[in-house]
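This report concerns only the one structure given below.
The values are calculated or read from the model by the stated rules, or taken from the named source; none is laboratory data. Fair warning: this is a prediction, and the values are worked out from it, not measured in the lab. Quick reminder, even Gly has a Cβ in these numbers, built from the backbone with ideal geometry, and neighbours come from all protein chains shown. Side chains are part of the model used for accessible areas, which takes the heavy atoms of the whole protein and leaves out ligands, DNA and RNA. Shrake-Rupley method; radii C 1.70, N 1.55, O 1.52, S 1.80 Å.
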Amino acid sequence: MLKRSRIAVLLMTVLISLYSVDVCHAQVKSAQPTTSPKTNKVDRGLSDQQEAISQQFKRFESTLHDLGEYMKKTDPARADLLFRAFGQSKQNQMTVEMQRILQMLQNGQLGDAVERQDHLVKNMQALLALLQSEDRMSEVEKEKQRIQNLLKDVNRLMGQERDVRAATERGENPANLKEKQKQTSNNAQKLIDKIDQQDSEKNNPNKSENKKQDKQEKKSTDGKPQDQKSKKDKSKSDSDSQKSKDSKSKGKTPEKGKSDPKQKGSPEQKQSPSQQQSKSKQQSKSQQQKKQSQNKQSQQKQNQQSQQQQQTPGREEIEQARKEMEKAIEQLEKKQKEAASEHQDDAIRKLAEAKEKLEEMLRQLREEERELMLAAMEARLQKILAQQKRVYSGTLSIAQVPEKERTSRHTARAVQLAREESSIALEVEKALLVLKDEGSSVAFTEALSEVREDVQTASYRLNRTQVGELTQEIEKDIISSLEEMIDALQKEMEKSEKEKKQQQQQQQQQGPPDGQSLVDMLAEIKMLRSLQMRVNKRTRRIEKMALEKDANQADIHQQLQQLSNRQTRIQNATHILATGKNK
């Protein structure tokens, strides 16, 4: 619970930062047409606000990193998410952007500041989406499973109603038809109760937890010793009530700390009637104000609860179908089969409408799951890219020293870089498992597989202090592959956002098809093309190495074997895309 609460605090911090930036952004736009003396005051106010936001975000970044370090051993999955968010913030240089905006506001460059603030808000929204992705992914998965189960129930109910409808058309015994229709109507009611229970648990999760705790407490309180204690408590309360009655009957001794209004010289008697009236008026006004504020708060809470409470789509249609079934039962009792069959047709139609709404909800959940997966994958690759760039710069620094002048310190540094490459390989393996579980992307899976091989090769060579041209070229290939994948994922996210906006403008709620891939076919083909070009480039490089006098033939043979295996996998991936086996 502590971990979740602290992460919730982080999310709220990001939300506050987003809101603050939006407010500052709006103020910049409203401040542009003002006169020169007023704009100077406005600019100072905006720069002060921007500086406060910058300091707040710096604290947020440090908290993000510290919390990731704290949770590294207890919850490594969540720590990995926090580190990815921290890496994404550093990759986008968000604190640097805030400082630039601050300088622009101080210099009165409001138009440039607005453009940079737009870009900064987008980066913050992406960071917030990443932090929310873990819990939201599990929620979406659960909701998908729930909707799929409801779809099965609706299909089963439609089949039962169609059987009753066919039996009505065949002219079976009205008594048997009535029983069948009653059973179908009861099944519809059970489905409605199931949906209502799920909605109540979803909208009020705290109530369901409290009910479980109450049940456990009731079970634990059952027993004889506690019954005896309750009896003793009752006897004590009875004696206390009798004592209080006796004290009231006497009525002579006033309570401690209170003055008797009948006694002489009491402060209530000393006050004039006008003062007492003014005091009573003030008290009545304050009470009225308190009541009004309480009423406003209660209304706001009710509005928030009504907005938060969501109903499962299709529930009303199932209820209408049940009512039509009840009408069909009444007509069957009157032995009017034609009228009963009309109500049965209406019930089937309503169930079909409920099915369409549930299918639409399922499509929307799949689209949201895809967007969350794209954002999480993009952030993970950004983290890997930043790590690989650090390793590459370290390799270059060692390579600049001639081999004869290298000391044990350079060897130790190369071994340290090899360990960093091994940690990068673990991160690549995690991302590869995610892509394999998703199953639709072929070229991206192959690209990550090649990145993993190159990372392992670079680690092997760095561990032997081989920091020459081949090692550097392998690390360059890793960086270029990661940059291409990140660019493709970003384009996919932009494309999905544009499609959403177009749907909102056209007021269409049609989701993507059920088998939509993580990335589209064009991105897959581009990735295969870049993989093939990389193989060709590596082949020419090995050819040059083989023509040298002091060439290591064993190393060259190993590199050629890896290229042969890689070429075979590219061919298989192309065949899978061409035949559509990934769909």
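If ligands, DNA and RNA are left out, what is the accessible area of Thr407 with a 1.4 Å probe, given in Å² to the nearest 10?
Only protein atoms counted, so the area is about 70 Å².
Quote the accessible area belonging to Ile525 in square angstrom, nearest 10, computed with a 1.4 Å probe and with ligands, DNA and RNA left uncounted.
Its heavy atoms expose roughly 90 Å² to the probe.
Does anything in segment 441-478 have its amide N under 18 Å from the 7 Å Cα→Cβ label point of Leu547, and if so which residues?
What the label zone holds, given the 18 Å backbone N cut-off, is 469-470.
Taking Cα centroids, how far is segment 522-583 from segment 336-404 in Å?
30
Which whole-Hz ³J(HN,Hα) couplings does segment 108-117 yield from phi under the Karplus relation 6.51 cos²θ - 1.76 cosθ + 1.60, θ = phi - 60°, glycine and proline marked x?
x, 8, 6, x, 5, 5, 4, 4, 5, 5
Please calculate the 1.4 Å probe accessible area of Leu560, with all protein chains present, and give it to the nearest 10 Å².
My reading of the accessible area for Leu560 is about 80 Å².
Rounded to the nearest 0.05, what FRET efficiency do Lys323 and Lys581 have when you use their Cβ-Cβ distance and R0 = 51 Å?
Working: r = 47 Å, r/R0 = 0.93.
With a Förster radius of 51 Å, E is 0.60.
Once you put a point 7 Å from the Cα of Met521 and another 7 Å from the Cα of Ala412, both along the Cβ direction, what distance in nm separates them?
5.7
Going down the table (Lys355/Lys491; Lys357/Lys430; Lys122/Lys581; Lys357/Lys498), which pairs top 26 Å between alpha carbons?
Check vs 26 Å cut-off fails for Lys355/Lys491; Lys357/Lys430; Lys122/Lys581.
Report the calculated FRET efficiency for Glu316 and Lys430 (r = Cβ-Cβ distance, R0 = 41 Å), to the nearest 0.05.
Working: r = 44 Å, r/R0 = 1.06.
Computed FRET efficiency for Glu316 and Lys430 comes out at 0.40.
Please list Phe86, Phe60 in order of solvent-accessible area, largest first, computed with a 1.4 Å probe with all protein chains present.
Sorted descending by solvent-accessible area, the residues read Phe86, Phe60.
For a quick protection proxy, order the peptides 337-346, 312-321 by their average other-Cβ count within 10 Å, most packed first.
In descending order of packing, they fall as 312-321, 337-346.
Work out how much length Tyr460 to Gln103 would gain on full extension: take 0.36 nm times their residue separation and subtract the Cα-Cα distance, in nm to one decimal.
123.8 nm
Largest first, how would Thr395, Thr411, Thr465 line up by accessible area (1.4 Å probe)?
Values: Thr395 0, Thr411 60, Thr465 35 Å².
If we order Thr395, Thr411, Thr465 from most to least accessible, we get Thr411, Thr465, Thr395.
For Ser459, Ser397, write out the residues from largest to smallest accessible area, computed with a 1.4 angstrom probe and no ligands counted.
These residues rank, largest area first, as Ser397, Ser459.
For the pairs Lys152/Lys323; Lys202/Lys383; Lys178/Lys202, flag any whose C-alpha to C-alpha distance is greater than 26 Å.
Pairs exceeding the cut-off: Lys202/Lys383; Lys178/Lys202.
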